[in-house]
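Asker: Could you have a look at this structure, given as structure tokens, before my questions?
The values are calculated or read from the model by the stated rules, or taken from the named source; none is laboratory data. Here the structure is a predicted model, which means the values were calculated and not measured. All Cβ positions, glycine included, derive from the backbone under ideal geometry; neighbour counts span all protein chains shown. Keep in mind that these areas ignore ligands, DNA and RNA; they rest on the heavy atoms of the full protein, side chains included. Shrake-Rupley method; radii C 1.70, N 1.55, O 1.52, S 1.80 Å.
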Amino acid sequence: MHTLIQISDTHLSPVQAFFYDNFRVVTAAINAARPDAVVNTGDMSVNGPKKEDDLEFARWCHNWIDAPVYTLPGNHDIGEEPGGESLKQMVTEDRLNAFYRHFSACRFHFDLGNWRLVGVNSQLFNTGLPHEDDQWAWLETALDHDGPVGIFQHKPMFARTPDEEPLPRISISPAVHDRLQGLYREGGVRFIGSGHIHLHRQVEHDNVAHIWCPSTAFHPSNLPEQFDGSLGYVEYSFDGDDFSAQLVTPEGLHHRSLADVKENGRYKFLKDVPTEAVEVDWR
Ligand SMILES: [Fe+2]
Ligand SMILES: [Fe+2]
């Protein structure tokens, strides 16, 4: 039996430290749970595309975790792909290079027992950057495994239902969706653990579990009816070829919505909200 904890959307920054306390609560809970591995599915920082310090600080915070940590970039770390949320902050080679200065990789694969776990950089899709071609070739190799496969990526495969057109602001780019889904199907993928939405959800489609990991930082301002806005993380157990995944909400988390943080319309973007700097000597 092996265990893995997926965290996501931690949104760390040394100068906009709204979510630093929550990250401390979560890392204490992770260390008490003693998982075999930890994955962060992106948006580790508040504004990595503009402030490299946010990336460096986010990396430093992950040093508290007493387990191997595997990280993926989100749109708040390296920018947006075409059709994304904030088109003034697109993914570029410079932004990828800034990410690589602090994180050793922007994709990964490793094995736990029978399972292969593959982390995919969803921010590269449909960008036309050389890194995108490189990742497609790498992905075929990463999925070549004699056993079950689980995927981690920042954006989910679909926003609400599998039958709707994917929206690049919310889910994987429509330009690559079918190609990616085909590779996952051929590769025997059993689950896709994603972030970005800041809500927890688990639905099964075509024998694949789609698992949305909540944020450790905040939930959306307007919660869809079926969601309660819980923060926390997802704990996976792998036993032979079987797996299970469950939401964990550690005690002590400060639950708040994005509207709370942006002072109910006073600031348009999270990156614009002034706040206290973190009171630790982090470098
Ligand atoms: Fe996020
Ligand atoms: Fe995101």
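Asker: Mind checking the dipole of the chain: about its Cα centre, +1 per Lys or Arg Cβ, -1 per Asp or Glu Cβ, Debye to the nearest 20?
Answerer: 620
Asker: Might you work out the accessible area of Asp272 for me, using a 1.4 Å probe with all protein chains in place, and round it to the nearest 10 Å²?
Answerer: 70
Asker: Measuring from the lowest to the highest alpha carbon on each principal axis, how far does the stretch 111-228 reach, largest first, in angstroms?
Answerer: Projected onto the principal axes, the Cα atoms of the stretch 111-228 cover 40, 35, 28 Å.
Asker: What shape does the stretch 30-78 have by the C-alpha gyration tensor, where a ≥ b ≥ c are the square roots of the eigenvalues, rounded means a/c under 1.5, and otherwise prolate means a/b greater than b/c and oblate the rest? It would help to have the intermediate numbers written out before the result.
Answerer: Numbers: a/c = 3.38, a/b = 2.06, b/c = 1.65.
Judged from the Cα gyration tensor, the stretch 30-78 comes out prolate (a/c at least 1.5, a/b above b/c).
Asker: When ligands, DNA and RNA are left out and all protein chains stay put, how many square angstrom of accessible area per residue does the stretch 164-269 have with a 1.4 Å probe?
Answerer: On a per-residue basis, 50 Å².
Asker: Would you please classify the overall shape of the stretch 90-173 from the alpha carbon gyration tensor, given that a ≥ b ≥ c denote the square roots of the eigenvalues, rounded means a/c under 1.5, and beyond that prolate means a/b larger than b/c while oblate covers the rest?
Answerer: oblate
Asker: When the Kirkwood radius is taken over all Cα pairs of the stretch 162-283, what Stokes-Einstein diffusion coefficient follows at 10 °C and 1.306 mPa s, in µm²/s?
Answerer: After rounding, the answer is 93 µm²/s.
Asker: Which of Leu223, Pro14, Gly48 sits closest to the plus end of the dipole of the chain, meaning its Cα is farthest towards the positive end, when Lys and Arg get +1 and Asp and Glu get -1 on the C-beta?
Answerer: The residue sitting farthest along the positive end of the dipole is Pro14.
Asker: Still on this model: Rank Lys50, Lys88 by accessible area, highest first, at a 1.4 Å probe radius?
Answerer: Lys88, Lys50
Asker: Moving on to the next point. Restricting to DSSP loop positions (anything but H, G, I, E, B) with no more than 11 other Cβ atoms inside 10 Å of their own Cβ, which GluC sites (Glu not before Pro) remain in the stretch 170-254?
Answerer: The qualifying sites are Glu225, Glu251.
Asker: For labels at Asn97 and His205 in the simple 7 Å Cα→Cβ model, what's the distance in nm?
Answerer: My value for the distance between the label points is 3.8 nm.
Asker: With a cut-off of 8 Å between alpha carbons and a minimum separation of six or more residues, what is the relative contact order of the chain in percent? Intermediate values should be presented prior to the final figure.
Answerer: On the way: 626 pairs, mean separation 61.7, N = 283.
Relative CO of the chain lands at 22 percent.
Asker: Reported to two decimal places, what Rg/Rh ratio describes the chain when computed on Cα atoms with Rh from the Kirkwood expression? All intermediate terms of the calculation are to be shown ahead of the outcome.
Answerer: Details: Rg = 17.5 Å, Rh = 18.7 Å.
A ratio of 0.93.
Asker: For the stretch 1-138, count all C-alpha to C-alpha pairs, find those more than 23 Å apart, and express that count as a whole percent of the total. Please report the intermediate quantities before stating the final value.
Answerer: Numbers: 3190 of 9453 pairs.
So the portion of pairs separated by more than 23 Å is 34 percent.
Asker: Shifting gears a bit: Amide H of His219: which non-local residues (sequence gap of 5 or more, or other chain) have their own amide H closer than 5 Å, using H built in the peptide plane?
Answerer: Long-range HN contacts for His219: Arg256, Ser257, Leu258.
Asker: Something else: Taking H as built 1.01 Å from N, whose amide H comes closer than 5 Å to the amide H of Val39, not counting residues under 5 places away?
Answerer: Placed amide hydrogens put Ile5, Gln6, Ile7, Tyr70 under 5 Å from Val39.
Asker: So how much slack lies between Ala137 and Ser104, counting 0.36 nm per residue of separation and subtracting their Cα-Cα distance, in nm?
Answerer: 10.0 nm
Asker: Go ahead and collect, in residue order, the members of the stretch 206-246 whose backbone nitrogen is under 17 Å from a label point 7 Å along the Cα-Cβ direction of Asn264.
Answerer: From the stretch 206-246, the list is 221-223.
Asker: How large, in percent, is the carbon and sulfur part of the accessible surface of the stretch 2-272 at a probe radius of 1.4 Å? Walk me through the numbers before you get to the answer.
Answerer: On the way: 4830 of 11040 Å².
Carbon and sulfur: 44 percent of the exposed surface of the stretch 2-272.
Asker: Can you tell me the accessible area per residue over the stretch 1-80, all protein chains present, probe 1.4 angstrom, in square angstrom?
Answerer: 29
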